[in-house]
Amino acid sequence: MKHGVEKQEEQVSPQVLAKKSDQPKPPTKNQDMVRRFAWEIASINVHLQELRYFWAKTLGISGPQWMILMALADLDKGDGVPVKVVSKMLHVDSSFVTTQSKLLEKKGFMRRKTSENDARVVQMSLTDKSYKHIANLASQQEALHEFILRNSAIGNLLSSPENSRPSRINLRRPA
């Protein structure tokens, strides 16, 4: 007791404490940067999807069918690629890849062959027709990749002086 005045401790009810802890905290600088980066990726994805549909349309196929062709172009080392591998790469069910690859085969863009080792496995590969179309679009795709690197937050991040990693990503397909 000081000078005859008793100081009471302030009691706070559990409801008041709960309300105080439920209030969102302002984002930290890192959280804000991550959020902006995520939005930048989402924006780029929208533009890339539009381009995929454009390129697919030039071949008379759908956007998802275009992605199957691109996956095969990246994955096939000469022996074909199993449906399961392509479906995992594209994050889709293998039945979807099977259905779409049959349509692509009818249009002459790919070959489907049952594996000699396992009759349950279908190996897919691109036809010469597909390789020709992909080669014709390669310069346009390279120009797009360069544009993205020059004009996006991702490009800025990759080319920043603080970044110890190489400032460019090799986006060309192996020959």
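Laboratory data are not the source of any read-out in this text; all were calculated from the coordinates shown. Remember, predicted model here, so these are calculated numbers, not experimental data. Quick reminder, even Gly has a Cβ in these numbers, built from the backbone with ideal geometry, and neighbours come from all protein chains shown.
Each row is one residue, and each column tells you yes or no for (1) loosely packed, with under 14 Cβ neighbours inside 10 Å; (2) not small (Gly, Ala, Ser).
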| residue | (1), (2) |
| --- | --- |
| ARG52 | no, yes |
| ALA56 | no, no |
| ILE61 | no, yes |
| MET67 | no, yes |
| LEU72 | no, yes |
| VAL86 | no, yes |
| HIS91 | yes, yes |
| THR98 | no, yes |
| GLU116 | yes, yes |
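For region 60-110, filtering for residues that are assigned to a strand (DSSP E or B) and either closer than 24 Å to LEU48 by Cα or free of Cβ contacts under 8 Å to residues at least 24 places away in the same chain (or both) leaves 1.
If you go through region 95-134, how many residues are within 17 Å of ASP76 (Cα to Cα) and of a type in the set (S, T, N, Q)? The qualifying residues number 8.
How about region 143-153: which of its residues are surrounded by 13 or more Cβ atoms within 10 Å (Cβ to Cβ) and either assigned to a helix (DSSP H, G or I) or of a type outside the set (Ser, Thr, Tyr) (or both)? LEU144, HIS145, GLU146, ILE148, LEU149, ALA153, listed by residue number.
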